[in-house]
Every structure is written in structure tokens, then in C-alpha cells.
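What follows is one structure encoded as C-alpha cells, with my remarks underneath.
The values are calculated or read from the model by the stated rules, or taken from the named source; none is laboratory data. Remember, it's a predicted structure, so these values are computed and weren't measured experimentally. FYI the Cβ positions are ideal-geometry reconstructions off the backbone, even for glycines, and counts take in every protein chain you see.
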Amino acid sequence: MGGFFGAISTENCKYDVFFGTDYHSHLGTKRGGMIFYDTEKGYQRQIHSITSTPFRTKFESDLEKMSGTVGVGCISDSDPQPLLVRSHLGLFAIATVGIINNAEELVEKTFSGVGHQFMAMSSGKVNSTELIAGLINQCDNIVDGIRYAREVIDGSCTILLMKPDCLIVARDKVGRLPVEIGKKETGYCACIESFAFQKLGYSMYYNLGPGEIVKITADGIEQLSKPGDNMKICAFMWTYYGYPNSNYEGINVEVMRCKNGEIMARDEALQNGIPDVDYVAGVPDSGVPHAIGYSNMSQKPFARPFIKYTPTWARSFTPANQEMRNLIAEMKQIPVPERINGKKLLLVDDSIVRGTQLRETVDFLYQSGAKEVHMRSACPPIMFSCKYLNFSRSNSEMELIARRIIQQREGEEGKAHIAEYADASTERGKCLLRTICEEMGFDSLGYQSLDGILEAIGLERDKICTYCWTGEE
């Protein structure tokens, strides 16, 4: 996915941008970048790979040479950014988060004439941020350009743009991601994760509405385009992607996750009864608060039968190679034998996507002496690859464990029955659970219901994107 942090101040803001961007590192693992503007030095920019080295380590030496009263930093899971763009709209820096499903179509339709060109990446694809900048430059001013880009893009587009005297920030037209603005005595900041500015002396000032565009200077904020009525914020920001301290639409991530686990245990107790287990445990890290909620409601003791070793290991999905990602995930899981040997365990994970790493987890628990391993997913079965935020790297929906099993059972006919498979009360739903249990080695399996996760978030249903579970936009 990705994230960004921008600041504008009456004094040097390089440390705010540096630490604020670093606080978004959980949102992407491929590239990081920063750009500043100083009246004496002009624009200064650096972009580095952060695949195997943290953002902070990569940029510490660069920071000594950089300065500015306005700056932007970003974490990206795809393209190098921020970019510095020169056009009839002036010289500006731009960073974006989102996905463009019709990128090739837009390039062919809009920029195939004489005199147009794009720098291609090594893959041959166009940098998405450069394409968005090109779309913005089709119009007479930046605001109209942002509106135009969002209308023609199939996917999502959240934009942070920087000029020497201001930041311009635009939330996706239906608010797939949050955009928060913080304020302190010397200026303002804009970011995806609200917790990112708490330790930097900012207080929460404003939450952009879907489609809203604002201009930020060190003196204040000016609304350039009003928010729309339609919002589809990503539910996975609460379930998995978001950092526990953050709030989206006024709802805290950690609180939601604990509540979600409570609802899951409450509903399971009413429907089938809670399994007789010794401990409830969360798959670290994002599964832990869901498990705490489940434990509290079920009155089954919470424990940590294995600990994730993180001081030196990169995040498990950093390498492009799936085999290497699985190996790193396995190496990071250090068992606590006293909490495993002879014990019946119930694990709660934030989601089950492919199931590959989860199978490794279950195998090592049994190898460590576990008597039973029950599995619970804190969200419904993932049936569709996200086409808005690059949530899943899946090249095909058949990589998703639920869809693969449906395909194996019914072939193409199974597509007509996805809703039934997602419902554990139907025969097809029960069959899906049994098949995954047999394949993965679970003693039992349960998924949080769609109604349950929406109850835990607490927003109106039509304001939340649930595409990956339902396929409905």
C-alpha cells in the first residue's frame, strides 16, 4: 500500500517529516522518499529502497544535508516517489497512495500523441505518481487537475502535493484512505496515520472528508474543494493495515480490534459454543488485540505461545519471492514450549489470505507439542483481490485460499455461489470450513461474519468498503 507525511512550518520542519514518515513504515516496504524546499537550497530530494533496510536507517545520513520549512515524505509499496514535476502549473512535488487499474488505457488515450513521453520503470510500466501528475497537468489549475485525475482513474487516488509556500492534500474521491491534519504553534502537518504526529507536538485539527481538497500554509488551512457525500473507507485499515494508535473517522484501531474479537466470541458462543481450549492467542502482531477481545468475552485465558522476533528480521512480506517470505515468517516465530506442549490452543489472526504462512505456524505449533490448534479469522473469507489499495499481491484470485477451494469443488460454477460459501450457516459455507481445516491441519475454523466486523467498526454500512469479502463496490 503506502503512506505519506507532509509538514509546513515557520521554522525548519525536516525532523517532523523524517519521523512522521518513519511512523508510516508499516504501510509499505519497497521504497521511501523525502523532499524539502528551502529558500537558499531550493528543492532537495532523496529516494531509497527500503526492502531490506528500515526507512530511518536509510535516510539518517541524508537528513543532515536537508532543510526546509515545507517538506513531504512517503513510504511506497510500488513506485519511487515523491516526484518533482515542472509544467505550465509550475514546479511542484507530488506523492500519491492508491492504485490505477486502467493505467495503460490512460497513457494510450491521453498521452500517445506527438510530444508526450513518460519515463518507464524497469518493468516497462509507467510510474503511477508520474501518471497522476500528467493527468493533473491536463487542466488549467491544480484543483481542476486533481478532480480530473480522480474521475478518469479506475481505482483510488490520495494525493499530497507540495509547492514552496504550501501543501495541497486531496483525499480519494470516496475516501478509501483517511487523511488527517495536525496542528501546532509553528504550523501544520498532513498524513494517513493520525498517531504519526502525536509525538511531534501536533494535536488533531481536521479530518478530510471524501474527495475534499485543502491548501495548507503555516498560517492556516483553506478548503479548495468540498467533500462529497459518498464514502467507502477501507475496512482493512481497522482490521489489519492500520497502526493500533490511529483513529479513522473517530474510531480507534486498537479499540475496534478488541471489540471485534469480543463480537466474534459472543456470536460463536450463541451459535456453536466456544471450544474447550487452554489458551486464546493472537497471531502477532495485528491478530493480538482481536484475540484479547475474544479471550475477554469467552473467559478463556489469553497467552502468547510464540513470540515474533523482530529486532533483525525484515517484515515477512518484504521479499518479492514467496518462498523467501514464508521462510522469514517461519524464522521469526519463536515458541514458548511451556505455553504449547500438551495444550489446546485457539489462534486468532487478522485475516486468512493465501494461508501459506498460517500453515507453517500450525505445523510448528504441533511440532512443539500442541494438543489441538483451533483457528479464527477476525474478518470474513477473502474472496476478491483488492482493486483499490494493493492490499493483496495476488496475481490471481485463485491464490486466495477460499477462492481456490471453491474453484476446486465447483469450477466456474462456484462463482455463482460465493456468498453461500462466505456464510458459515449454509452447507457450502460449512464445506469450505471443513476443507480448509483438512488442508491446513486445524481442529476447527471460524471466520468473523460481515455483520460482526461492521458492528465492531461502528460506521454506517454504506460508508465502508467491503469489496474483498463481497465483490460489491
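Worth a mention:
- Counting only strands (runs of 3 or more DSSP E) that sit completely within the stretch 333-387, those holding 3 or more residues that are within 13 Å of Arg304 (Cβ to Cβ) correspond to 333-335, 344-349.
- Among the residues listed as Leu445, Leu433, the single one being in contact with a strand residue (DSSP E or B) (Cβ under 8 Å, 6 or more places away or on another chain), assigned to a helix (DSSP H, G or I) and touching a residue at least 12 places away in the same chain (Cβ under 8 Å): Leu433
- Comparison of Glu455, Glu420, Glu410 shows that the only residue that is assigned to a helix (DSSP H, G or I), in contact (Cβ under 8 Å) with a residue 12 or more places away in the chain and surrounded by 14 or more Cβ atoms within 10 Å (Cβ to Cβ) is Glu455.
- Subset of the stretch 192-220 that is hydrophobic (A, V, I, L, M, F, W, C), without any contact (Cβ under 8 Å) to a residue 60 or more places away in the chain and crowded, with 18+ Cβ neighbours inside 10 Å - its residue that is nearest to Lys387 (Cα to Cα): Leu208
- Subset of the stretch 168-184 that is farther than 14 Å from Gly98 by Cα and surrounded by fewer than 22 Cβ atoms within 10 Å (Cβ to Cβ) - its residue that is nearest to the chain's Cα centre (by Cα): Lys183
- Candidates are the residues of the stretch 153-167 that are out of contact with any Ser or Thr (no Cβ under 7 Å at 6 or more places or on another chain) and either surrounded by fewer than 24 Cβ atoms within 10 Å (Cβ to Cβ) or free of Cβ contacts under 8 Å to residues at least 24 places away in the same chain (or both); the one that is farthest from Gly6 (Cα to Cα) is Asp154.
- Of all residues making up the stretch 1-17, the number that are buried (at least 22 other Cβ atoms within 10 Å of the Cβ) and outside any strand (DSSP E or B): 5
- Among residues of the stretch 356-375 that are under 17 Å from Asp276 (Cβ atoms), those with a beta-carbon under 9 Å from a residue that is in a helix (DSSP H, G or I) and aliphatic (A, V, I, L, M) at least six positions away or on a different chain give the pairs Ala370/Val362; Val373/Val362; Val373/Leu365; Met375/Leu358; Met375/Val362; Met375/Ile436; Met375/Met440.
- Selection from the stretch 203-214 of residues that are in a strand (DSSP E or B) and within 25 Å of Lys232 (Cβ to Cβ): Met204, Tyr205, Tyr206, Asn207, Ile213, Val214
- Put simply, of Ser76, Ser52 the only residue that is crowded, with 20+ Cβ neighbours inside 10 Å and assigned by TED's automatic domain parsing to the domain that holds Ile142 is Ser76.
- Across the stretch 258-302, the qualifying residues are those that are of a type in the set (Gly, Ala, Ser) and surrounded by fewer than 19 Cβ atoms within 10 Å (Cβ to Cβ), and the one among them that is farthest from the chain's Cα centre (by Cα) is Gly273.
- Any hit, the stretch 335-349, residues being without any contact (Cβ under 8 Å) to a residue 24 or more places away in the chain, over 17 Å from Phe442 (Cβ atoms) and β-branched (Val, Ile, Thr): no
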